[in-house]
1. Looking for something open to solvent by 20 Å² or more (accessible area, probe 1.4 Å), more than 26 Å from residue 130 (Cβ to Cβ) and modelled with pLDDT of 95 or more - is there at least one such residue anywhere in the stretch 79-91?
2. Cβ-Cβ below 6 Å, separation at least six or inter-chain, first residue in the stretch 224-250 and assigned to a helix (DSSP H, G or I), second among the polar types (S, T, N, Q): which pairs?
3. Kindly indicate the residue of the stretch 125-137 that is touching a Gly at 6+ places or on another chain (Cβ under 8 Å) and farther than 20 Å from residue 289 by Cβ and also most open to solvent (accessible area, probe 1.4 Å) among those meeting that condition.
4. Looking only at helices (runs of 4 or more DSSP H) that fall completely inside the stretch 84-188, which ones have 1 or more residues that are under 15 Å from the mean Cα position of the chain (by Cα)?
5. Residues to consider are 17, 53, 3; find the one that is open to solvent by 40 Å² or more (accessible area, probe 1.4 Å), out of contact with any helix residue (DSSP H, G or I) (no Cβ under 6 Å at 6 or more places or on another chain) and either among the hydrophobic types (A, V, I, L, M, F, W, C) or touching a residue at least 12 places away in the same chain (Cβ under 8 Å) (or both).
6. Here are the criteria: (1) in a loop (DSSP other than H, G, I, E, B); (2) in contact (Cβ under 8 Å) with a residue 24 or more places away in the chain; (3) closer than 21 Å to residue 134 by Cβ. Tell me which single one residue 266 does not satisfy.
7. Examine the stretch 22-32 for a residue that is small (Gly, Ala, Ser) and without any contact (Cβ under 8 Å) to a residue 24 or more places away in the chain, and state whether such a residue exists.
8. Go through (1) over 27 Å from residue 148 (Cα atoms); (2) in contact with a Cys (Cβ under 7 Å, 6 or more places away or on another chain); (3) not aromatic (Phe, Trp, Tyr) for residue 59 and report which single condition fails.
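The values are calculated or read from the model by the stated rules, or taken from the named source; none is laboratory data. As the structure is a computational prediction, the values presented were derived from the model and not from experiment. All Cβ positions, glycine included, derive from the backbone under ideal geometry; neighbour counts span all protein chains shown. Just the protein is used for accessible areas: all its heavy atoms, side chains included, with ligands, DNA and RNA removed. Shrake-Rupley method; radii C 1.70, N 1.55, O 1.52, S 1.80 Å.
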Amino acid sequence: MADIIERIRKSWAESDDKRDEGLKTPEGILRHDGLSYGSDGNWQKLDIYRPKDAEGKLAVIVSVHGGAWVYGDKERYQYYCMDLARRGFAVVNFTYRLCPEFRFPAPLEDTSLVFRFMQEHGGEYGLDTEKVFAVGDSAGAHLLALYLCARSNPDYAAALPFKLGPAPTVLAAALNCGVYDVRPKDLPDKNLPEILKEFLPKGGTKDELEMISVAPHVSEALPPLYIMTSTDDMLKLQAPPLVQALCGANVPQTFRLYAPEDRQGKLYHVFHLNIRSREAIACNDEECEFFRGFCRP
């Protein structure tokens with residue numbers, strides 16, 4: 001395993017532990033944990049959260065976690081996802097196969113399998129598969145964007161080395177602090193991020209980088225998108241070119257650049273996962289309200 005991956009896993013776990021210290025399952029949340037959505041019992045697991053007092057089928061948010069394609073799982077995202085469920089949604093939170101144990105397109109295929117699971121089993125857990133939304137952050141926003149491109153662009157879907165199965169239609173999605181374009185200006189090995197060398201089967205060829213960049217596969221059939229970043233997000237410059245590509249394809253969108261509430265401090269990458277912060281509360285409220293706009297008759 002590359003040294004950088006070991007460092008990321010260690011340091012980010014410590015940071016996430018500190019962020020979520022003391023958090024517990026809210027009293028009002030019902031959990032269905034550890035459901036299998038694929039044949040790999042170690043990786044392909046998901047949880048479903050919903051308000052205990054909710055009756056009948058609920059609109060659904062699928063969360064695709066971040067972590068630079070090398071880190072993260074449903075346990076790290078459980079509190080954020082349950083916080084979304086407290087806003088009146090059923091939320092699907094899943095673990096996908098990571099690099100370097102697995103390479104592209106493993107996590108994208110897993111994302112597709114989760115939506116297929118919902119199509120086949122949603123009724124068992126009170127999921128309204130006619131009202132499906134999705135959120136993703138960082139590498140999760142990248143994977144979610146590619147999944148939406150595959151669902152809306154037949155040419156891109158045909159180029160993938162796996163077949164998309166039947167799945168609910170995603171009515172709208174939120175892409176948070178994402179990475180969307182991994183194509184460097186030049187392609188010598190020294191300019192390729194080390195993680196991409198591990199993530200891509202051929203180490204990051206020009207064709208591979210084109211395949212996993214979002215803009216080349218954007219089409220007007222994409223669902224409406226809420227795209228957000230923040231003033232001190234290390235990936236904030238990734239958002240404007242995607243917004244421009246979406247505008248060129250006439251894809252409806254909302255773009256938000258969040259700033260610290262007091263305008264004095266810093267607002268960093270994936271700030272919205274710190275569910276106790278005022279900025280996260282505001283962002284997550286606004287994204288859920290964006291989704292509710294597509295639930296109304």
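1. First, the residues of the stretch 79-91 that are open to solvent by 20 Å² or more (accessible area, probe 1.4 Å): 79, 86-88.
Adding the requirement that they be more than 26 Å from residue 130 (Cβ to Cβ) leaves 79.
Remaining after also requiring modelled with pLDDT of 95 or more: 79.
The answer is yes; a qualifying residue exists.
2. Close Cβ pairs satisfying both conditions: 236/229; 239/229; 246/253.
3. Initial filter on the stretch 125-137 (touching a Gly at 6+ places or on another chain (Cβ under 8 Å)): 126, 128-129, 136-137.
Those left that are additionally farther than 20 Å from residue 289 by Cβ: 126, 129.
Working: 126: 13, 129: 48 Å².
Filtering first and then ranking leaves 129.
4. Numbers: elements: 106-121, 139-152, 154-159.
Where helices (runs of 4 or more DSSP H) fall fully within the stretch 84-188 and carry at least 1 residues being under 15 Å from the mean Cα position of the chain (by Cα), they are 106-121, 139-152.
5. Details: 17 fails: either among the hydrophobic types (A, V, I, L, M, F, W, C) or touching a residue at least 12 places away in the same chain (Cβ under 8 Å) (or both); 3 fails: either among the hydrophobic types (A, V, I, L, M, F, W, C) or touching a residue at least 12 places away in the same chain (Cβ under 8 Å) (or both).
Checking each option against the conditions leaves just 53.
6. (3)
7. From the stretch 22-32, those small (Gly, Ala, Ser) are 22, 28; that's our starting set.
Still in the list and also without any contact (Cβ under 8 Å) to a residue 24 or more places away in the chain: 22.
Yes - at least one qualifying residue is present in the stretch 22-32.
8. Of everything listed in (1) over 27 Å from residue 148 (Cα atoms); (2) in contact with a Cys (Cβ under 7 Å, 6 or more places away or on another chain); (3) not aromatic (Phe, Trp, Tyr), residue 59 misses just condition (1).
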